[in-house]
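Report on the following structure.
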Amino acid sequence: ELLTCVMSVPQHLEVGAPVELLFRLSNNTSQPLYVLTWHTPLEGLLNDIFRVTREGVEVPYRGVMVKRGPPSASSYAALAPGASAEARVELSQAYDFKLPGKYRIEFTGRVMDMATKQAEVPHPPGKVQELELRCTAVETTVEGR
């Protein structure tokens, strides 16, 4: 795989504590990659890009939904060969973790465009190179006080 992603969250949290997720995107190739950050945690939490469930029941997204025009070159993250980009997002700002229980968090976003040369970004519509990202889901247990 060209890109891999790894996520982590604290394994145990108290009710009301922030739920901070660390997202790491790694370039596994021998060439630089330019990755559109939209719909990934690298731009923050600006869309419903996770599937959060508590004891198997879906937790609805209550965060912002950003609409935008075409991307600019500054919307891309540059990843050198073998390098990673990391971002932290606070999930409890957009998903409700107030009830005790076991929560499972899956990344449902994707890489909407990617290039190997900086001069190629942004790609014109119709030339974008979308890439599905497979991240292993993570779990945390929220415990009542």
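The values are calculated or read from the model by the stated rules, or taken from the named source; none is laboratory data. Remember, it's a predicted structure, so these values are computed and weren't measured experimentally. Note that each Cβ is placed from the backbone with ideal geometry, even for glycine, and that neighbours are counted across all protein chains shown. The protein model used for the area step is the full one, side chains on, heavy atoms only, and it has no ligands, DNA or RNA in it. Shrake-Rupley method; radii C 1.70, N 1.55, O 1.52, S 1.80 Å.
Points worth noting:
- When residues of the range 92-122 are limited to those that are among the hydrophobic types (A, V, I, L, M, F, W, C) and in a loop (DSSP other than H, G, I, E, B), the one nearest to R62 (Cα to Cα): A94
- Of all residues in the range 53-87, those being under 30 Å from K127 (Cα atoms) and part of a strand (DSSP E or B) number 8.
- Scanning the range 55-109 for residues that are hydroxyl-bearing (S, T, Y) and open to solvent by less than 30 Å² (accessible area, probe 1.4 Å) returns S75, Y76, Y95, Y103.
- Residue list for the range 4-45, restricted to those being open to solvent by 50 Å² or more (accessible area, probe 1.4 Å) and among the hydrophobic types (A, V, I, L, M, F, W, C): V6
- Against the test of being touching a Leu at 6+ places or on another chain (Cβ under 9 Å) and buried (at least 18 other Cβ atoms within 10 Å of the Cβ), the options D113, D48 yield a single qualifying residue, D113.
- Scanning the range 32-52 for residues that are outside any strand (DSSP E or B) and over 16 Å from S84 (Cα atoms) turns up W38, H39, G44, L45, L46, N47, D48, I49.
- Taking every residue in the range 128-145 that is in a strand (DSSP E or B) and pairing it with any residue that is polar (S, T, N, Q), at least 6 positions away or on another chain, the pairs with Cβ-Cβ distances below 8 Å are V138/S8; E139/Q11; T140/Q11; T141/Q11.
- A search for C-beta distances below 7 Å between a residue of the range 72-98 that is over 19 Å from T141 (Cβ atoms) and any residue that is basic (K, R) and open to solvent by 30 Å² or more (accessible area, probe 1.4 Å), counting only pairs 6+ apart in sequence or on different chains, returns S84/R24; E86/R24; A94/R62.
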